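Read the structure below first, then the notes.
The values are calculated or read from the model by the stated rules, or taken from the named source; none is laboratory data. These numbers come from a predicted model, not from an experiment. Cβ coordinates were reconstructed from backbone atoms using ideal geometry, including for glycine residues, and neighbour counts include every protein chain displayed. When the accessible area is computed, the model is the full protein with side chains, heavy atoms only, and any ligands, DNA or RNA have been set aside. Shrake-Rupley method; radii C 1.70, N 1.55, O 1.52, S 1.80 Å.
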Amino acid sequence: PSPFEAEAKGLVLVVDDVGFSREWFRTAIEHSAWAKREGLRCLCAANASEALQLLAKHANRIGAVLTDLHMPDADGLQLLERYQRAVGKEPAQPVRFFMTTSGLTPQQELQALRMGFQGVLRKPVAPEQLVAALQKGMGPP
């Protein structure tokens, strides 16, 4: 593993097709007192395909995926579906999925939660709200 990976006790995968958003989420998470205390670091992916590659490569290290709903190659719902098909419904290492979006109908939010998302965060999201949702969702199952 790289020094970055070896230093991290756990990883959060940030998936967003907008570079600024990926960097904002990474910074908000990694600079939080919670992430520092827990030894969490972020990996970033620009699309669902990259995300699935990183999930396969770091299968035992990624504890959460924070994904945008709207992306060009596949949306956040499709990313979760592809991941579930690849690993089955009960992977050896549980990965919790969270969605970020600027537009979501109540029906889409309900669908996301039924599919297995731990939470849906509406953009713009405050850093404290983001970290609180991840912390709560990544707690013991």
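Any chance you could tell me what percent of the C-alpha pair distances in the chain go past 18 Å? Summing the P(r) tail past 18 Å for the chain gives 51 percent.
On full extension, the segment bounded by R85 and E23 gains 19.5 nm, given 0.36 nm per residue less the C-alpha separation. Lys-Lys pairs in the chain that are eight or more residues apart or on separate chains and whose Cα atoms lie under 23 Å of each other come to 7. In this rough spin-label picture, where each label sits 7 Å from Cα along the Cβ direction, the K57-A33 distance is 3.4 nm. For the chain, the solvent-accessible area of protein heavy atoms averages 53 Å² per residue (probe radius 1.4 Å; ligands and nucleic acids excluded).
Relative to its residue count, the range 23-79 spans a Cα convex hull of 81 Å³ per residue. Within the accessible surface of the chain, defined with a 1.4 Å probe on protein heavy atoms only, the carbon and sulfur portion equals 53 percent. Set the Cα radius of gyration of the range 58-141 against 2.2 N^0.38 Å, with N its number of residues, and you get 1.06. Give a quick list of trypsin sites (Lys or Arg not before Pro) in the range 1-86 that DSSP marks as loop, anything other than H, G, I, E or B, with at most 15 other Cβ atoms within 10 Å. For trypsin sites (Lys or Arg not before Pro) across the range 1-86 that sit outside H, G, I, E and B with at most 15 neighbouring Cβ atoms in 10 Å, the list reads K9. For the range 97-137, the alpha-carbon radius of gyration amounts to 1.11 times the rule-of-thumb value 2.2 N^0.38 Å expected for a compact globular protein.
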